[in-house]
Amino acid sequence: MCGIVGYIGHREAYPIILKGLKRLEYRGYDSAGIALFDGKDLKLSKTKGKVADLQERLENEISTSGNLGIGHTRWATHGVPNDVNSHPHYSNSGDLVIIHNGIIENYESLKKELIKRGYTFTSDTDTEVLVNLIEDVMKSDNLKLGKAVQIALNQVVGAYAISVFDKNKPNEIVVARLGSPLAIGVGEDEFFIASDASPFIEYTNNAIYLEDEEMAIVRLGKKVKIRKIKDDSLVAPYIQELQLNLEQIEKGGYEHFMLKEIYEQPNAIKDTYRGRLLASQGIIKMSGIDDHLEKFTNADRIIVVACGTSWHAGLVSEYIFEDLARIPVEVEYASEFRYRNPIITENDVVIAISQSGETADTLAAIKLAKSKGAFVFGVCNVVGSSIARETHAGAYTHAGPEIGVASTKAFTTQITVLTLIALKLAKIKGTISNSDYHYQLQELELIPEKVVEALKADDHIKKIADTYKSVSNFLYLGRGYNFPVALEGALKLKEISYIHAEGYPAAEMKHGPIALIDENMPIVVIATKKGHYEKVVSNIQEIKSRKGKIIGIVTEGDVQVKELADHVIEIPETLESLSPLLTTIPLQLLSYYIAVLLDKNVDQPRNLAKSVTVE
Ligand code: F6R
């Protein structure tokens with residue numbers, strides 16, 4: 001939700017900020033803007049639209065010189081996306097300029113007060129209120145910017161990551177965070193500000209991640225000074241050395257990040273189990289589990305909290321944990337869980353799943369579970385993210401940066417981690433036979449090469465996509481372990497092609513959705529050999545007799561479904577419990593190619609943002 005970038009140092013700020021915004025565009029892309037200071041003038045250009053639109057406008061509108069600047073790419077919360085509501089925002093005097101990611105919930109009452117004090121507003125945004133509040137505090141008490149930011153933020157209810165500077169003090173940028181991420185890149189006589197490290201990774205590997213309720217004064221020639229916003233106490237900056245490299249955040253010859261990330265899955269899965277899965281020795285090593293083993297083995301139940309695709313991975317884990325480790329599991333939408341007064345006890349283990357590690361609802365669900373005494377375990381991809389830090393323990397997915405808004409490799413690597421945990425617990429609890437345990441481990445180790453095989457259906461899937469690209473509706477059916485995959489397939493198609501799609505448990509079809517079936521309705525049915533195959537074949541027959549168009553996801557060598565379906569896509573054989581790692585691949589490719597053929601913006605679908613830091 002909104003990307004922010006800032007620079008102060010000896011280089012030209014504009015190219016750094018522009019490139020940084022392009023890298024952060026996955027976070028929001030309805031408008032963009034940049035403010036630059038060249039030692040004399042504060043210049044600002046902003047526009048509704050993409051960073052490319054901003055570039056065109058800005059370079060005609062203002063001079064791009066200056067060693068200090070901030071830039072923003074927006075996902076609108078308050079105020080429609082238009083030029084005026086775009087960030088940065090000036091204060092009334094024109095001295096201060098701010099960018100903001102988040103929501104100021106009490107902005108209306110603050111705005112009323114400021115209007116009474118003579119302030120005027122040009123936009124509908126909460127951000128313009130905040131910058132004027134800071135200015136008001138600064139002027140009323142003759143304070144420096146840092147202090148004024150602190151006092152103003154203490155009056156604010158909501159979430160924010162902000163970056164603000166004063167043109168009269170061009171040697172510093174003040175930043176703060178509560179609920180939205182903010183990193184400071186520390187270079188030689190220069191600093192970078194960004195929502196994540198991707199805008200500055202080619203300049204420095206050294207980063208400070210602000211914690212919630214912290215602010216920092218980033219001043220040239222000085223060390224970064226961090227304070228707690230509430231109690232003013234100083235915090236020693238922890239400079240982290242990043243492992244990220246430039247290659248990981250570029251498209252590497254693929255047309256879209258989504259396609260690159262689909263193709264990265266064999267390696268992403270391998271990276272996720274590397275060092276953890278020692279199949280030949282029958283060992284699963286996971287320090288996050290080993291250090292808290294009793295919490296898991298004594299758990300009355302596991303509650304999974306997550307949103308979107310991560311919730312679907314959670315749903316797959318319900319089957320894995322119950323089937324293999326015999327632990328009862330409840331899978332909750334974090335947004336519902338946090339507001340429904342759930343019964344949570346100290347004997348519950350809560351697993352929070354999140355690619356970004358920043359999803360506001362998941363974060364709130366974690367805080368609620370912790371307040372009730374539950375042990376909370378995180379499964380995150382982004383190292384050092386808020387959820388990774390907020391949980392008692394966790395396991396990273398090691399998928400590498402996922403930049404396409406539609407989640408792909410995050411899903412399969414989350415399932416990989418959850419499978420490892422379930423197998424480990426099953427072994428310890430004795431709920432799995434020795435031979436089955438070893439077989440599962442061996443099969444899991446083979447999954448990356450089977451994903452490579454599944455990806456070979458690419459061209460065939462492209463042709464199927466062409467046949468169905470113009471339909472208005474799709475149904476996705478699956479059973480057991482593959483019911484969540486059906487949900488995930490439908491979500492992928494909806495979000496990037498804007499075609500309406502529903503996922504259902506195959507047997508539920510006759511309780512309603514069957515009424516939708518006619519010769520115009522394509523139905524993707526996951527019908528692998530080891531998952532209630534005969535039952536699903538009966539469902540396919542029911543569809544066929546109503547003239548629905550059947551796209552079957554089948555196990556290599558299948559005969560029965562091939563005879564009934566209009567199209568089949570084969571995947572290699574594996575265990576039922578591991579099949580979601582393969583069945584999801586053709587569904588990702590199908591949605592990708594339909595969206596491409598419809599000329600949609602695959603990596604940045606309308607209205608969506610990669611990291612949902614507002615509730
Ligand atoms: C779907 C998608 C979203 C996310 C959801 C949770 O492709 O990307 O549904 O899965 O917003 O995000 P994380 O996993 O970052 O918590």
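In the chain, inverting the average of 1/r over every pair of distinct C-alpha atoms gives 25.5 Å as the Kirkwood radius.
A helix-only calculation puts the chain at -11000 deg cm²/dmol for mean residue ellipticity at 222 nm, using -39500 (n - 2.57) for each DSSP H run of at least four residues, averaged over all residues.
Give me the 1.4 Å probe accessible area per residue for segment 251-454, excluding ligands and nucleic acids, in Å².
Heavy-atom SASA per residue in segment 251-454 reads 36 Å².
Among the trypsin sites (Lys or Arg not before Pro) in segment 184-269, those located in a DSSP loop and surrounded by at most 16 other Cβ atoms within 10 Å of their own Cβ are Lys222, Lys223, Lys230, Lys251.
Most tightly packed first, judged by the mean number of other beta-carbon atoms within 10 Å of their residues, the peptides 342-350, 429-437, 201-209 read 201-209, 342-350, 429-437. Farthest towards the positive end of the charge dipole of the chain, among the residues Ile415, Asn520, Gly146, is the Cα of Gly146, using unit charges on the Cβ of Lys, Arg, Asp and Glu.
How much net charge surrounds Lys225 when only the other residues with a Cβ under 13 Å from the Cβ of Lys225 are counted, with Lys and Arg +1 and Asp and Glu -1?
+4
Quick check for you: which residues of segment 416-435 have the amide N under 12 Å from the point 7 Å beyond the Cα of Gln442 toward its beta carbon? Under 12 Å, as judged by backbone N against the label point of Gln442, lie 435 of segment 416-435. Residue ranges 566-576, 357-367 sort as 357-367, 566-576 when ordered by packing (mean number of other C-beta atoms within 10 Å per residue, highest first). Scaled to the globular estimate 2.2 N^0.38 Å, the Cα spread of segment 161-275, given as radius of gyration, is 1.29. Put simply, the amide H of Leu598, placed in the peptide plane, has no neighbours under 5 Å, leaving out anything fewer than 5 places away on its chain.
Rounded to the nearest 20, the Cβ-based charge dipole of the chain about its Cα centre (Lys and Arg +1, Asp and Glu -1) stands at 580 debye. Between the listed residues Ser538, Gly400, Val218, the Cα displaced farthest toward the positive end of the dipole of the chain, a dipole computed from Cβ unit charges relative to the Cα centre, is found at Val218. Put a plus charge on the Cβ of each Lys and Arg, a minus charge on the Cβ of each Asp and Glu, and nothing anywhere else: the dipole of segment 88-174 about its Cα centre is then about 240 debye.
Sparse packing (at most 15 other Cβ atoms within 10 Å of the Cβ) combined with a DSSP loop state is found for the following trypsin sites (Lys or Arg not before Pro) in segment 110-164: Arg117, Lys144.
If you find the alpha carbon centre of segment 560-584 and of segment 371-398, how far apart are they in angstrom? Cα centroid of segment 560-584 versus Cα centroid of segment 371-398: 33 Å apart.
Partner lysines whose Cα lies under 20 Å from the Cα of Lys610, excluding those fewer than 8 positions away in the same chain, are identified as Lys19, Lys22, Lys48, Lys50, Lys251, Lys260, Lys409, Lys492, Lys494, Lys600.
Express the relative contact order of the chain as a whole percentage, based on alpha carbon pairs under 8 Å and six or more residues apart in sequence. Averaging sequence separation for qualifying contacts and normalising by length gives 11 percent for the chain.
Across segment 149-277, Cα pairs under 8 Å and at least six residues apart give a relative contact order of 18 percent. Near Asn347, once Lys and Arg are set to +1 and Asp and Glu to -1 for all other residues with Cβ below 14 Å from its Cβ, the sum equals -2.
The solvent-accessible area of His460, taken with every protein chain present and a 1.4 Å probe, is close to 80 Å². A P(r) calculated from all alpha carbon pairs of segment 251-454, with 5 Å bins opening at zero, reads 1, 8, 16, 21, 21, 16, 10, 5, 2, 0 percent. Other residues within the sphere of radius under 15 Å centred on the Cβ of Ala183, judged by their own Cβ, net out at -4 (K and R +1, D and E -1). Each Cα pair under 8 Å and six or more residues apart adds its separation to the average, and for segment 177-231 the resulting relative contact order is 34 percent.
Can you compute the FRET efficiency between His500 and Leu564 using 1/(1 + (r/R0)^6), with r the Cβ-Cβ distance and R0 = 22 Å? Round to the nearest 0.05. Calculated transfer efficiency: 0.35.
The values are calculated or read from the model by the stated rules, or taken from the named source; none is laboratory data. No experiment lies behind these values; they were computed from the predicted model shown. Neighbour counts run over all protein chains shown; Cβ positions are idealised from the backbone, glycine included. To get the accessible areas, we keep the full protein, side chains included, count just its heavy atoms, and leave off ligands, DNA and RNA. Shrake-Rupley method; radii C 1.70, N 1.55, O 1.52, S 1.80 Å.
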